[in-house]
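Student: The structure under discussion is supplied below as structure tokens; questions concerning it will follow.
Please treat every number below as a calculation from the coordinates, not as lab data. Just so it is clear, the structure is predicted and the values come from calculations on it, not from any experiment. In this analysis, Cβ positions are derived from the backbone assuming ideal geometry, glycine residues included, and neighbour counts consider all displayed protein chains.
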């Protein structure tokens, strides 16, 4: 295998600066989702509802805040770079009984302390599922005003909490709204629920926060379990709402038709929006949230972020939950793969390839893109891991097995 010096020489011949690529990647923060560690259960509910399902019963699931934080810290020790943690409101840490519409920043102080101790940022999501008032998969679009008002209050509280994160950590916190609302069978009224959702969002966003601390995003979905025929918060609804109201549209890679490519949507969204947000997952026939692999679509997503010079405009978060394998390993594989994809994109001579396309040199373009696939990327990745002080290749898995043996199986 090529050494890092040989890799630098090979990439240098096509105009790629390896050191610059590594330095750029070092400053990209990916938001690692807390819910992989405990199968999306959170701390305020015993049951997962809302069209979401985590399958498997691998031993060692985190069951309390201390265990979840310990598992996150273990995972982060094997992942190069400094990142963020993506929290759901259901992960509040408090001794008092408080419903979601009454949540306050103080209920998340322990998470802020954890972030400060580990050099992390925090993102946030109101939790509009796994709750008695979301039993019918109708929250912000519910015909019952009392239920709508409850969830509006929850989303307002969530924005305040996210702004608190941003201010405390001096790092913009993304607050992302996703709702499970929809109908199992063909609806009699498609307009009404979306009108109620629009009005609810208008109310949620009435208070202005400093953009240095809080960024607001909204996330659509094509369908979900229990709402197969109609989803209130569709991509088209949120894309239009975001454009009109200066909000960020979040694209979840599992929330589209299986034949749609999210990578193809990225440049269009960036053309018309200052910012974009991603939840990167791996759908297998539907929104099944498998651990992301270094597959073609992940590589294309990363290429578009780099080609569009958008690494400082896009909030990158991961979203998968697999309970059939070691949960910490799932985090490490997913996070390292996202970084690998970004590094591959940073090692691509995009200007030269674009020139070939613009000049109609499609034969050379195809040949060049194919040859790049066997360039010594692996040597550069190992070098990046080395300078970041984390294990190279599969060496990290030895630590996973030790932690499983000494910690997880004893829970």
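Student: Name the residue, out of 248, 14, 161, whose mean-square fluctuation peaks in a Gaussian network model built on the chain with Cα pairs under 10 Å.
Tutor: Looking only at 248, 14, 161, the largest GNM fluctuation is found for 14.
Student: Something else: 222 nm [θ] for the chain, helices only, -39500 (n - 2.57) per DSSP H run of 4+, per residue, to 500? Present the calculation step by step, with values, prior to reporting the outcome.
Tutor: Numbers: 14 runs with 175 residues, N = 411.
One gets -13500 deg cm²/dmol as the mean residue ellipticity at 222 nm.
Student: Once the Cα atoms of the chain are picked out, what are the Rg and Dmax in Å?
Tutor: Rg then Dmax for the chain, in Å: 21.5, 66.
Student: Just to confirm the number: angle between the C-alpha axis of helix 145-169 and the first principal axis of the chain, 0 to 90 degrees, nearest 10?
Tutor: Approximately 40 degrees, to the nearest 10.
Student: Only bridges whose two residues both fall in the chain count here: according to DSSP, what percent of them are antiparallel, nearest 5?
Tutor: Antiparallel bridges: around 15 percent, rounded to the nearest 5.
Student: Residue 136 to residue 160: extension gain in nm, 0.36 nm per residue of separation minus the Cα-Cα distance? Mind showing how you got there, number by number?
Tutor: Details: separation 24, 0.36 × 24 = 8.64 nm, distance 2.69 nm.
Fully extending the segment from residue 136 to residue 160 adds 5.9 nm.
Student: Does anyone have the angle between helix 396-406 and the longest principal axis of the chain? Alpha-carbon axes, 0 to 90°, nearest 10?
Tutor: 40
Student: Now for a different question. Please build a GNM for the chain, connecting alpha carbons under 10 Å apart, and tell me which residue among 139, 24, 127 fluctuates the most.
Tutor: 24
Student: Would you compute, for the Cα atoms of the stretch 132-172, the largest minus smallest coordinate along each principal axis and list the three values in descending order, in whole Å?
Tutor: The Cα atoms of the stretch 132-172 stretch 39, 15, 14 Å along their principal axes.
Student: A further question on this structure: Quick check: from the Cα gyration tensor, does the stretch 1-152 come out rounded (a/c under 1.5), prolate or oblate? Don't jump to the answer; show the numbers that get you there.
Tutor: On the way: a/c = 2.44, a/b = 2.20, b/c = 1.11.
Taking the square roots of the gyration eigenvalues as a ≥ b ≥ c, the stretch 1-152 is prolate.
Student: So for the pair residue 53, residue 26, with labels modelled 7 Å out along Cα→Cβ, what separation do we get in nm?
Tutor: 4.6
Student: I'd like the FRET efficiency for residue 240 and residue 284, computed as 1/(1 + (r/R0)^6) with the beta carbon distance as r and R0 of 30 Å, rounded to 0.05. Let's see the in-between values first.
Tutor: On the way: r = 29 Å, r/R0 = 0.98.
Calculated value: 0.55.
Student: Per the Kirkwood treatment, what hydrodynamic radius in Å, one decimal, follows for the stretch 105-220 from the mean inverse distance over all distinct Cα pairs? List each step's numbers first, then the result.
Tutor: Working: mean 1/r = 0.0661 Å⁻¹.
Evaluated over the stretch 105-220, this radius sits at 15.1 Å.
Student: Let me ask something additional. Rounded, prolate or oblate: which one fits the stretch 273-406, using the alpha carbon gyration tensor with axes a ≥ b ≥ c (rounded when a/c is under 1.5, else prolate when a/b beats b/c, else oblate)? Please list the in-between numbers first.
Tutor: On the way: a/c = 2.15, a/b = 1.59, b/c = 1.36.
Note, shape of the stretch 273-406 comes out prolate.
Student: Ranking request for peptides 303-309, 91-97: highest mean number of other beta-carbon atoms within 10 Å first, then the rest in descending order. Before the final figure, lay out the partial values.
Tutor: Working: 303-309: 18.9, 91-97: 14.6.
Final packing ranking: 303-309, 91-97.
Student: Assuming 0.36 nm per residue, please report the length gained on full extension of the stretch residue 102 to residue 394 beyond their Cα-Cα distance.
Tutor: Numbers: separation 292, 0.36 × 292 = 105.12 nm, distance 4.49 nm.
Stretched fully, the residue 102-residue 394 segment lengthens by 100.6 nm.
Student: Among 77-85, 187-195, 347-355, how do they line up by average Cβ neighbours within 10 Å per residue, starting with the highest? Can you show the working numbers first?
Tutor: Details: 77-85: 21.0, 187-195: 13.7, 347-355: 16.1.
Highest mean packing first, the order is 77-85, 347-355, 187-195.
Student: For helix 109-118, report the angle its Cα long axis makes with the longest principal axis of the Cα atoms of the chain; keep it between 0 and 90° and round to the nearest 10°.
Tutor: Computed tilt is about 10 degrees.
Student: Show me 4-13, 279-288, 314-323 ranked by packing, highest mean number of other Cβ atoms within 10 Å first.
Tutor: Working: 4-13: 15.3, 279-288: 18.4, 314-323: 23.4.
Packing proxy ranking, top to bottom: 314-323, 279-288, 4-13.
Student: Averaging sequence separations of C-alpha pairs under 8 Å and six or more residues apart, then dividing by the length of the chain, give the relative contact order as a whole percent. Please list the in-between numbers first.
Tutor: Working: 726 pairs, mean separation 83.3, N = 411.
Dividing the mean separation by the residue count of the chain yields 20 percent.
Student: Going by the alpha-carbon gyration tensor, a ≥ b ≥ c the square roots of its eigenvalues, is the stretch 199-304 rounded (a/c under 1.5) or, if a/c is not under 1.5, prolate (a/b greater than b/c) versus oblate?
Tutor: Working: a/c = 2.07, a/b = 1.35, b/c = 1.53.
Oblate.
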